[in-house]
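Reading through the structure tokens given below for one structure.
Any read-out appearing in this document is the output of simple, stated calculations on the displayed coordinates, not a laboratory observation. Because the structure is predicted, anything quoted here is derived from the model rather than measured. Quick reminder, even Gly has a Cβ in these numbers, built from the backbone with ideal geometry, and neighbours come from all protein chains shown.
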Amino acid sequence: MSAFSLEPRQIAWCAELRTLAAERLRPLAEKGEPGRVNRALVAELGRLGLLERLFTSGAVDLCLMRASLAYACTEAETALALQGLGAHPVHAYGTPAQRARWLPRVSEGTAVAAFALSEPGAGSDAGALALRAEAEPEAARPDGSPAADLGESPLAAPDGPSQWRLTGEKCWISNAPEADCYTVFARTTPGTGARGVTAFLVPADRPGLTGAALEMLSPHPIGSLVFDAVPVTADDVLGEVDRGFRVAMGTLNLFRPSVGAFAVGMAQAALDATLAHTAGRDAFGGKLRDLQTVAHQVAEMALRTEAARLMVYAAATAYDQGAPDVPKRAAMAKLLATETAQYVVDTAVQLHGARALRRGHLLEHLYREVRAPRIYEGASEVQRGIIAKELYASIGEAP
């Protein structure tokens, strides 16, 4: 695939996905409860084979799936994306036992995954994580339970701790508190910034783990988590101890361009709705499209949407090819696409007038959906910082 065009088979697949989203996924989405995990929808994504593709395809296919589903059913897109975000660390960094336990269930849609990075005091600044993972010598465990109770290997981590207790909070976590497993990032070495963070795979039924749903502007499930001395072991570590930041960034470098794809799908839906509306709406003795100011706004919407689409494809292609500038491209794609979608949806609402503000209208729905992507997985300001850092690093200077 070129970074600037799609192959015929990919175009056909995107059309098929849009049809599936409209005919099979949207009816299930409409039956769901806002702010709650829609397990019937997740299960259907599994039956259609889309969840499995999260772990068998590259970044380009991920972007094509997200953009196509977003066009016709944002709830289905988000359900798919959250499964990928929560379970990709298991796929990329997990042990054979971790993969065998969770990936088949996530792929089937019978288990819901979540990515637990943000905290009340550490959102975009992932290096400021405060959730503590305190090493616990086996002999000192307050409940006296043996290591085998949690499934540890007696050979785990011979040169370091083999069990910890997680204490603290996570906030703004998609799929919380209803997920079945969480990729959790906790501080194992105090005072070391990003270098002292470890990623753990934590089943939801671990003692001491509780949570609550949060009522948010966007309709997908988001909640908080409280860790009250939650036990984890060396067998729960994803990757290496104190190198969890690598797990987080490796995951985000894949999913940031695909957030851009989600945004492009929403922008295209808003653009197409606006084309139909302005072509048919009577105004001032003609059609809305006959007004130059309207036609120019529609042209600007199309221009920005196509530019964002191309940058998303370029970033995804760079990821699949192992290019060295993936962090910069991923940040650029997410930044441009999410800011573009905000502009396109807002302009579409303006051109539709009051009807677009009515509950249940496509644009009312998109208006609520489009705001959050400019914040999650690194706010727009963070993306600009990443871009600048990468640019200066390329010439050997720090910003």
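Here are the numbers for the structure shown:
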{"item": "Per-residue Cβ neighbour rank within 10 angstrom, fewest leading, D282, D235, D272", "result": "D282, D272, D235"}
{"item": "Span-rule helices in the chain, defined as complete DSSP H runs reaching 27 Å or more along the axis (Cα) with Kyte mean at least 0.5", "result": "244-280"}
{"item": "MRE, 222 nm, helices only [DSSP H, n ≥ 4, -39500 (n - 2.57), over the chain, to nearest 500]", "result": "-16500 deg cm²/dmol"}
{"item": "Relative contact order (%) - criterion: Cα under 8 Å, at least six apart; region: the chain", "result": "16"}
{"item": "Pairwise FRET efficiency - A97 versus D228, Cβ, R0 = 25 Å, nearest 0.05", "result": "0.45"}
{"item": "Where labels lie 7 Å past Cα in the beta-carbon direction, separation of A43 and A299 in nm", "result": "5.2"}
{"item": "Over region 8-108, equivalent-ellipsoid semi-axes from the Cα gyration tensor in Å", "result": "22, 17, 10"}
{"item": "Relative contact order %, region 246-394, counting alpha carbon pairs below 8 Å whose residues are six or more apart", "result": "32"}
{"item": "Fewest-first ranking of R36, R47, using other Cβ atoms within 10 Å as the exposure measure", "result": "R47, R36"}
{"item": "Candidate values (i) 79, 68, 44; (ii) 85, 53, 39; (iii) 74, 68, 53, label of the one derived for Cα extents along the principal axes in Å", "result": "(ii)"}
{"item": "For F55, F200, order by how many other beta-carbon atoms lie within 10 Å, fewest first", "result": "F55, F200"}
